[in-house]
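This structure is in structure tokens; I'll ask about it shortly.
What follows is calculated from the coordinates using simple rules that are stated; it is not laboratory data. Keep in mind that this is a model prediction, so the values were computed, not measured. A quick note on method: Cβ atoms are made from the backbone with ideal geometry, for glycine too, and the neighbour counts reach across all protein chains shown.
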Amino acid sequence: MSSTPPIYIIDANVLMQAHRLYYAFPICPGFWDFLLRQHQADRIISLDRVKAEIDPGDALHRWVQSTAPATLFASTHNAGVGRNFGNLAVWVQENEHFTQAAKDEFARVADGWLVAYARAHPNHVVVTMEERADGAKKKVPLPNACMQFGVRYTDTFTMIKELGGRFVLDA
């Protein structure tokens, strides 16, 4: 096991669910400050493909445009990442278990790119709110793809715990 601390790669659903539900900007600004501080400490990134999935016009998009540094969203334009994504795409397309719609969606969204990036950067951990679903047919679950390709994954709350995050109320 590596003694180098992991770098967490954030899935779009982590950002979207946090901003829409439990860590909305007005009620938990500490979460967003935490992400930025951990990014500055080289512990958290996301991907350009995740950034592209964020709906223009909502508060999350405004945060990405005005507050998040461009470096938060790493580029997937890299030969190793592209090669890994190609291998994932072949696995998905050859897997008769998934519907064609699930295969098409996987090719369109950032999920496969997260796995490909983490596989090209072995000390990286994919962070997603998706859960493993062995019987899934209508979607290719991100945790399933991670497991298939030997990539570690976790959820938002475990990542926060592992990074020692605390969100404390003002007095």
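Could you figure out which of (1) more than 15 Å from the chain's Cα centre (by Cα); (2) surrounded by fewer than 19 Cβ atoms within 10 Å (Cβ to Cβ); (3) within 23 Å of residue 137 (Cα to Cα) isn't true of residue 98?
(2)
Here are the criteria: (1) in contact (Cβ under 8 Å) with a residue 60 or more places away in the chain; (2) within 20 Å of residue 110 (Cβ to Cβ). Tell me which single one residue 31 does not satisfy.
Answer for residue 31: the failing condition is (2).
Another question about this same structure. Just checking: which of the helices (runs of 4 or more DSSP H) contained wholly in segment 92-171 hold 3 or more residues that are in contact with a His (Cβ under 8 Å, 6 or more places away or on another chain)?
Values: elements: 100-108, 111-120, 142-148, 156-162.
Passing ranges: none, list empty.
Is it true that some residue in segment 127-134 is within 26 Å of residue 34 (Cβ to Cβ), surrounded by 15 or more Cβ atoms within 10 Å (Cβ to Cβ), under 18 Å from the mean Cα position of the chain (by Cα) and without any contact (Cβ under 8 Å) to a residue 60 or more places away in the chain?
No.
Here's something else I'd like to know. With respect to the numbered conditions (1) farther than 19 Å from residue 80 by Cα; (2) surrounded by fewer than 17 Cβ atoms within 10 Å (Cβ to Cβ); (3) out of contact with any Ser or Thr (no Cβ under 7 Å at 6 or more places or on another chain); (4) not polar (S, T, N, Q), which one is the sole condition not fulfilled by residue 122?
For residue 122, the exception is condition (1).
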